Amino acid sequence: MEKSKKIGEFLLNYALYILLGAILVTVSIIKPNFIAINNILNIMKQASTKGILALGCAGIIVLGGTDLSIGRMLGLAAAVTASLVQSVTYASRYYTGMTEQLPLIVPLLAAIAVCVLLSAINGFGVSKLHMHAFIITLGTQLIAYGANCIYIESQPSGSAQALSTFDRNFLDKAAGNLMIGTVRIPYVIIYFAALAIIMWIVWNKTRLGKNMFAVGGNSEAAAVSGVSVTKTIMYVYLLAGVLYGIASFLEAARIQSVGANTGINYELDAISACVIGGVSFTGGV
C-alpha cells in the first residue's frame, strides 16, 4: 500500500517530465534524425535566447508576479541593437552619419539600458505604487511596442522596413559557432549556459536570492524579519532587465532582421519555460 502511494506521488509530481520524455521517445522512433546532434543543437540555438528571458522572468514569478512586457521589450531593444550594428557600407542604414562600426559593447549596453529602464518602471509600479504586476507590465508592453513602431518608422529612408544587413563581426561574435571537431556549437548556447550558472548562484548563494524567496513566500513576514521588500523587488526587476537586454542583443543576431513584430508573444515562451522548469506561480520556493 505504501509503495503504491509513493509510486502515485512520483507520477503526480513528475507527470509533465514523463509526458515530455514519452513524446521525445515516440518522435525519435518515428523520425530517427530528430535526435541527431545537429538537430538538437539547432533546437537549443532557437531556444537559448528565450531561455535567457526565462532566467529573468523566473525571479519575477518567484516574487508572485509576472511580466507581460518581455516580448515587446525585446523587440524594442533588438531594434536599437540592429540600428547600431548595421554595416557602414549599407546605403539604407539607420544612422547614415556613422562611418565606422561601433565596438560591440555599445549596442549591447544600449539594449541593456532600454530593458533596464522599462523593467525599472515595472519594478517601481509593483514595489512603490503597489500595482499588480499583470497591470503594470501590460502597460509597459504597449509602451515598448509603440516606441518600437516609432523607432523603426523614423528611418532616414522614410520606410518602415525591417532593420537588417548587420556587420559581420557582430554576427560572428553573437551568432557564430564554436567548432569542436566536426560539431558546431552555437555561441548563444554557451552564453545561455553561462548565464544560467550565474543566475543559479545568485538565486541560491546570495542575500538577494534568499530575500527574493522570502518576499515571494510572505512579504509581510519578510519585512518583519528585516528584509527590504521594496529594494528586493526593484533589484529583481532590474536584474531581469539586464537579462532581457542580453537576450535582445543575441536575438537580433540570430534572426538577422528586426521589425515591429519582433518579439511578439515571447513572454508566453518565457513564462512557459519557467512553469515547466518548476518555478512556483504562487511565489516563494
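The values are calculated or read from the model by the stated rules, or taken from the named source; none is laboratory data. Everything numeric here is computed off the predicted structure, so don't read it as measured data. As a convention, Cβ positions derive from the backbone with ideal geometry for all residues, glycine included, and neighbour counts pool all protein chains shown.
What tally of residues in region 32-87 results from selecting those that are among the polar types (S, T, N, Q) and either in a helix (DSSP H, G or I) or touching a Leu at 6+ places or on another chain (Cβ under 6 Å) (or both)?
Step one: filter region 32-87 for residues among the polar types (S, T, N, Q), giving 33, 38-39, 42, 46, 48-49, 66, 69, 81, 83, 86-87.
In the following step, the residues that additionally are either in a helix (DSSP H, G or I) or touching a Leu at 6+ places or on another chain (Cβ under 6 Å) (or both) were identified as 33, 38-39, 42, 46, 48-49, 81, 83.
Summing the residues that are among the polar types (S, T, N, Q) and either in a helix (DSSP H, G or I) or touching a Leu at 6+ places or on another chain (Cβ under 6 Å) (or both) in region 32-87 gives 9.
In the list LEU102, LEU118, which residue meets the criterion of being assigned to a helix (DSSP H, G or I), touching a residue at least 12 places away in the same chain (Cβ under 8 Å) and assigned by TED's automatic domain parsing to the domain that holds ALA77?
Working: LEU102 fails: assigned to a helix (DSSP H, G or I).
Answer to the check: LEU118.
Can ALA113 be described as at pLDDT 95 or above, part of a helix (DSSP H, G or I) and touching a Cys at 6+ places or on another chain (Cβ under 9 Å)? Full working, then the answer.
On the way: at pLDDT 95 or above: yes; part of a helix (DSSP H, G or I): yes; touching a Cys at 6+ places or on another chain (Cβ under 9 Å): no.
Criteria not met by ALA113.
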Quiz item: Considering region 12-49 alone, what residues qualify as being more than 26 Å from GLU267 (Cβ to Cβ) and small (Gly, Ala, Ser)?
Solution: GLY21, ALA22, SER28, ALA36
Quiz item: Residues of region 126-140 being surrounded by fewer than 20 Cβ atoms within 10 Å (Cβ to Cβ) and either in contact with a helix residue (DSSP H, G or I) (Cβ under 6 Å, 6 or more places away or on another chain) or closer than 21 Å to LEU53 by Cα (or both), which ones?
Solution: MET131, HIS132, PHE134, ILE135, LEU138, GLY139
Exercise. Could you please tell me which pairs satisfy a Cβ distance under 8 Å, a separation of 6+ or placement on different chains, a first residue in region 202-221 that is in contact (Cβ under 8 Å) with a residue 40 or more places away in the chain and over 10 Å from GLY284 (Cβ atoms), and a second residue that is of a type in the set (Phe, Trp, Tyr) and part of a helix (DSSP H, G or I)?
Key: TRP203/PHE213
Quiz item: Right, ILE60: under 27 Å from ILE121 (Cα atoms) and without any contact (Cβ under 8 Å) to a residue 60 or more places away in the chain or not?
Solution: no
